[in-house]
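One structure is given here, and the rest of the page talks about it.
The values are calculated or read from the model by the stated rules, or taken from the named source; none is laboratory data. As the structure is a prediction and not an experimental result, all values here were calculated from the model. Note that we place each Cβ from the backbone using ideal geometry, even for glycine, and neighbour counts take in every protein chain shown.
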Amino acid sequence: MASVFENTNWMLAPILVPLAAATVAFLLMGIRGEARRNAQNAVGLAAALGVALSALALWAMVSGGGPVRYELGGWEAPLGINLYADGLSVFMLITTAIVGGAGSVYALGYFSGREGEDARRKEDLQDETGSFWPLWMFLWASMNGMFLAADAFNLYITLEILGLSAAALITLGGTRMAFSAGMRYLMVSLLGSLAYLLGVALLYGSFGALDLATLGEAASPIPPVWAALALISLGMALKTGLFPLHFWMPAAYTSAPSAASAILAGLVGKASFYLLLRVWFDVFGGSAPPAAGQIPGVLGAVAIVWGAVMAMRQTRIKTLLAYSSVSQMGYLFLLFALVSGAAPERSFEAWGGGVYLVLAHACAKAAMFMAAGVVIYSVGHDEIPRLRGIFQKLPISVATFAVGGITMMGLPTSGGFTAKYLLFTASVGTGQWWYSLVVLAGSILAALYLLRFLNPALIQVPTAKVYRDAPQIMSGTAFVLAVFSVFLGLMSAPLFELLSVGAPFPSGTMGGS
Amino acid sequence: MNLLSALVVAVIFGSGTFLLLQRDLTRVVVGIILISNAAVLFIISSGLLRGAAPIYPLEGGGLSGEGVADPLVQAMALTALIIGFALAALILVFIYRVYASQGTMDLEEIADSEMRDAQSLDRADDPEREEVPEEKQDGETDDPEEETRARR
């Protein structure tokens, strides 16, 4: 192991780099015109590169020497604030580095429109004030901070920054719908994090600690802990959009500018899911009643079917994708039911499968939202009935949709296949076979709702007019990200090895394979 | 946590939840602010104990601090207050913008106009509609206003 990776200061970089970039990009908003855009783009790309490099450095550090703990200012755990990175944290950092990096590159093209250039839909106007980069960088810093936080209260703070910047990103277009969607999201997000805060206060009142590891050791099956578990789960289900709390999701994802939708759908929902995962297994691991996992499991199963059925009924690409997110988020919540099954040796399979789906879905869904953005940019709308034959004009975007769809459906070699296969075998192996039926049904339904767009898009008819050409960098980034998600299934070995570092379950035969 | 603070938190939280379920946006916001204050009070009461000022180095027993007030609770309450304030400010801005664009503070009216927006999206101001000739053959455009625009 190279000595450069031994320095735990690397742990600060994923938080500090975007935070500094956000501040600089915010100050740059004072400049006018082309110069500001170029400067902000440079700052944003540099930050994306920095996050990617530091995530890789952390990967080498964690897989070489196990979980890492960093004491901010040298103060130890009961008094000071710690950062902590294990396999799951680094995995999530890598996810943001990939999807966030692609999102940043995409935004270069998406917001490149000259002032005064004709835009068909107001929500896709150029980012005239240059607010995208500061908001997105604050969002990124808060996500990375969440993945590295070691205590329950810092998780709350990052959660709130996340909600604030995400709500502002939704309203970037400044339309009526965007403002009501953003307002709704902000309220939901605030209620979700308040529920989490109440849970944290219960934990602190019971055990006098905030550090997740200390709490995990101290937690015992007493009523306040169950209440805390219920509050935290409720709050995070609200923020992640678990059925039936997904009501804010379609409007929010649809009315945000597509560059922001890609980030929101790909990453923001996953961040609150990570928090639930972290708290559920690290703090409540031993003290939660085993049947508790069935509640998110059953709701997730309903979400898979409900989201897919709703997706089939949509007539716009972006609402279709948003309901598809409701469905795919359901898969993630299955893991709570599966890890508490009868066969403990299957727990890592279920847990790892769910976590792997986070990465696979983030890449595929972000790519598909980017492709939808290209369609809107070029044609001016994303109404499926009016996009027949659009393949002739925008071949790469339709191909992105198809390739991303491979991951959504969980066909082999895609990351979705690996994840869903693990969830499937875990549900059979733990004797909860009914979940395996839902996993299969969700994949078939995914194929059906994706064909709702692909089928009309691929026929040979006179098609809608492309009134301005989207920059190549937009469709290119989307396509590369979609292709990456398809090959994720082949790269799973090193990533599962990483996940097994500090995992809440013994990896058994899975880890090295 | 003593009974009084528990009751206070319960009453504030209950009132906040009641307001949250109202149709008027102003009431909803006040409800949210009340709930966030209830959460802060809940944090304070979760670690409420009176004692010496928690200034380092502690006079008593080092870091375990017997007889010293818990500083962490105060730090958390302060942080939560500031965050709650920032969020309340942003929500108020959003509500103002929603009011300015929709002309109403009633949640059901806003939902209705959202529904109309979603249905009429791209139809009202879409000069490109006439360039898609096969639309009309499918009988999808049964809206007379739309057809006149297509003919133009």
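Which residue is nearest to A:Y323 (Cα to Cα), if the candidates are limited to the stretch A:447-465 and must be of a type in the set (V, I, T) and exposed (fewer than 15 other Cβ atoms within 10 Å of the Cβ)?
Looking at the filtered set, the residue picked out is A:I459.
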Being within 22 Å of A:L338 (Cβ to Cβ), aromatic (F, W, Y) and either more than 14 Å from chain B (Cβ to nearest Cβ) or outside any strand (DSSP E or B) (or both): is that true of A:F391 here? no
Boolean, A:I263 is under 30 Å from A:P134 (Cα atoms), among the β-branched types (V, I, T) and crowded, with 22+ Cβ neighbours inside 10 Å: yes
With criteria (1) free of Cβ contacts under 8 Å to residues at least 24 places away in the same chain; (2) within 21 Å of the chain's Cα centre (by Cα), A:A371 comes up short on (1)
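If you take just the helices (runs of 4 or more DSSP H) that sit entirely in the stretch A:118-222, which of them hold at least 2 residues that are among the basic types (K, R) and without any contact (Cβ under 8 Å) to a residue 12 or more places away in the chain?
Counting at least 2 such residues, we get no helices (runs of 4 or more DSSP H) at all.
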Contact list please: Cβ distance under 6 Å, first residue in the stretch B:80-103 and in a helix (DSSP H, G or I) and surrounded by 15 or more Cβ atoms within 10 Å (Cβ to Cβ), second residue at pLDDT 90 or above and polar (S, T, N, Q), pairs at least six apart or on different chains. B:G84/B:S36
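For the stretch A:427-438, does any single residue satisfy the condition of being in contact with a helix residue (DSSP H, G or I) (Cβ under 7 Å, 6 or more places away or on another chain) and either acidic (D, E) or at positive phi (or both)? Walk me through how you get there before you give the answer.
The initial filter retains those residues of the stretch A:427-438 that are in contact with a helix residue (DSSP H, G or I) (Cβ under 7 Å, 6 or more places away or on another chain), namely A:427-430, A:432-433, A:435-436, A:438.
Next, only the ones that are either acidic (D, E) or at positive phi (or both) stay: none.
Checked against the condition, which is being in contact with a helix residue (DSSP H, G or I) (Cβ under 7 Å, 6 or more places away or on another chain) and either acidic (D, E) or at positive phi (or both), the stretch A:427-438 yields no hits at all.
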Cβ-Cβ under 6 Å pairs, at least 6 apart or on other chains, the stretch A:483-507 side within 14 Å of A:G352 (Cα to Cα), far side outside any helix (DSSP H, G or I) and at pLDDT 85 or above: A:G489/A:S414; A:V501/A:D86; A:G502/A:P67; A:G502/A:D86; A:S507/A:S500
So is A:L83 of a type in the set (A, V, I, L, M, F, W, C) and either free of Cβ contacts under 8 Å to residues at least 40 places away in the same chain or not in a helix (DSSP H, G or I) (or both) or not? yes
Does any residue of the stretch A:164-175 turn out to be buried (at least 24 other Cβ atoms within 10 Å of the Cβ), at the interface with chain B (Cβ under 9 Å from one of its Cβ atoms) and among the aliphatic types (A, V, I, L, M)? yes
Considering only residues that are in contact with a helix residue (DSSP H, G or I) (Cβ under 7 Å, 6 or more places away or on another chain) and facing chain A (nearest Cβ under 10 Å), which ones fall in the stretch B:93-113? B:F94, B:I95, B:R97, B:V98, B:S101, B:Q102, B:L107, B:I110, B:S113
Is it the case that A:L394 is out of contact with any strand residue (DSSP E or B) (no Cβ under 7 Å at 6 or more places or on another chain) and farther than 23 Å from A:G489 by Cβ? yes
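Being buried (at least 22 other Cβ atoms within 10 Å of the Cβ) and under 20 Å from B:A77 (Cα atoms) narrows it down to one residue among A:G182, A:G205, A:G199; which is it?
The unique qualifying residue is A:G199.
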Within the stretch A:172-213, which residues are over 24 Å from A:L148 (Cβ atoms) and of a type in the set (D, E, K, R)? A:R176, A:R184
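The rows are residues; the columns are (1) closer than 27 Å to B:V98 by Cβ; (2) at the interface with chain B (Cβ under 9 Å from one of its Cβ atoms); (3) in contact with a Pro (Cβ under 7 Å, 6 or more places away or on another chain).
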| residue | (1), (2), (3) |
| --- | --- |
| A:S142 | yes, no, no |
| A:G182 | yes, yes, no |
| A:Y204 | no, yes, no |
| A:D211 | no, no, no |
| A:L215 | no, no, no |
| A:A230 | no, no, no |
Just give me the residues in the stretch A:438-465 being polar (S, T, N, Q) and not in a helix (DSSP H, G or I), in sequence order. A:Q460, A:T463
